[in-house]
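Working notes, structure below.
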Amino acid sequence: MASIEYSLFRAKFIKPLQTSLLHTDLTPRDIFLRALEERTSGELRKGYIWHIGNIQYFSETKGYFAVGRTTNSTIEKFDESTGNFVEEELEKSPYTHCVFDASIGVIGIAKKASV
């Protein structure tokens, strides 16, 4: 039976002491869940676009999501019809599994070498 090893992280949201004019009274749990629901994507390094997706809830504050990156790579293939070797562009999106508990701000990220 295969096992999954997780690294645990703590997400801590600290609100400023001074409230803004557009004051919204969000708890750290609400901020965590809203940030997750954004399903953000971002290019943190040229050619590597990171994504959050596949969000599922086990309860009101606990759940699962996937995080991964999209990259373009080139694969070398043999084309039977022409008898030539060719290079083909390929988009890859490896991802890993994450579990969370927003009530205490804990995220478990499964270890996966390809990510």
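The values are calculated or read from the model by the stated rules, or taken from the named source; none is laboratory data. This one's a predicted model, so the numbers in the text were calculated from it and none came from an experiment. In this analysis, Cβ positions are derived from the backbone assuming ideal geometry, glycine residues included, and neighbour counts consider all displayed protein chains. Just the protein is used for accessible areas: all its heavy atoms, side chains included, with ligands, DNA and RNA removed. Shrake-Rupley method; radii C 1.70, N 1.55, O 1.52, S 1.80 Å.
Checked against the criterion of being polar (S, T, N, Q) and modelled with pLDDT under 90, the candidates Asn72, Asn84, Asn54 yield just one match: Asn72.
Scanning the range 1-15 for residues that are hydrophobic (A, V, I, L, M, F, W, C), loosely packed, with under 10 Cβ neighbours inside 10 Å and either in a helix (DSSP H, G or I) or under 16 Å from the mean Cα position of the chain (by Cα) (or both) yields a single hit, Leu8. Of everything in the range 16-58 that is part of a strand (DSSP E or B) and among the hydroxyl-bearing types (Ser, Thr, Tyr), the residue that is farthest from Cys98 (Cα to Cα) is Tyr48.
Could you grab me the full set of residues in the range 104-113 that are part of a loop (DSSP other than H, G, I, E, B) and either in contact with a Phe, Trp or Tyr (Cβ under 9 Å, 6 or more places away or on another chain) or of a type in the set (Val, Ile, Thr) (or both)? It would help to see each step written out before you state the result.
If we filter the range 104-113 for residues that are part of a loop (DSSP other than H, G, I, E, B), which is where we start, we get 104-105, 111-113.
Those that are part of a loop (DSSP other than H, G, I, E, B) and either in contact with a Phe, Trp or Tyr (Cβ under 9 Å, 6 or more places away or on another chain) or of a type in the set (Val, Ile, Thr) (or both): Ile104, Gly105, Lys111, Lys112.
Screening Tyr57, Tyr95 for residues that are within 30 Å of Thr24 (Cα to Cα) and of a type in the set (Ser, Thr, Tyr) leaves exactly one candidate, Tyr57.
When residues of the range 27-53 are filtered for being aromatic (Phe, Trp, Tyr) and within 15 Å of Ala66 (Cα to Cα), how many remain? Let's see the steps before the verdict.
Here is the first cut: in the range 27-53, the ones aromatic (Phe, Trp, Tyr) are 32, 48, 50.
If we keep only those that are within 15 Å of Ala66 (Cα to Cα) as well, we get 50.
Residues flagged as aromatic (Phe, Trp, Tyr) and within 15 Å of Ala66 (Cα to Cα) within the range 27-53 amount to 1.
Out of the residues in the range 19-42 that are open to solvent by 50 Å² or more (accessible area, probe 1.4 Å) and within 11 Å of the chain's Cα centre (by Cα), which is nearest to Ala113 (Cα to Cα)? Result: Ser41.
Here the range 48-69 is the region considered, the condition is being aromatic (Phe, Trp, Tyr) and within 10 Å of the chain's Cα centre (by Cα), and the residue that is most open to solvent (accessible area, probe 1.4 Å) is Trp50. In this entry, Ala35 is excluded by the filter for residues that are touching a residue at least 60 places away in the same chain (Cβ under 8 Å) and of a type in the set (A, V, I, L, M). Please tell me if Arg45 is out of contact with any Leu (no Cβ under 7 Å at 6 or more places or on another chain), basic (Lys, Arg), open to solvent by 50 Å² or more (accessible area, probe 1.4 Å) and under 25 Å from Ile109 (Cβ atoms). So Arg45 passes the test. Of the residues making up the range 70-99, those that are open to solvent by less than 40 Å² (accessible area, probe 1.4 Å) and touching a Phe, Trp or Tyr at 6+ places or on another chain (Cβ under 7 Å) are Thr71, Cys98.
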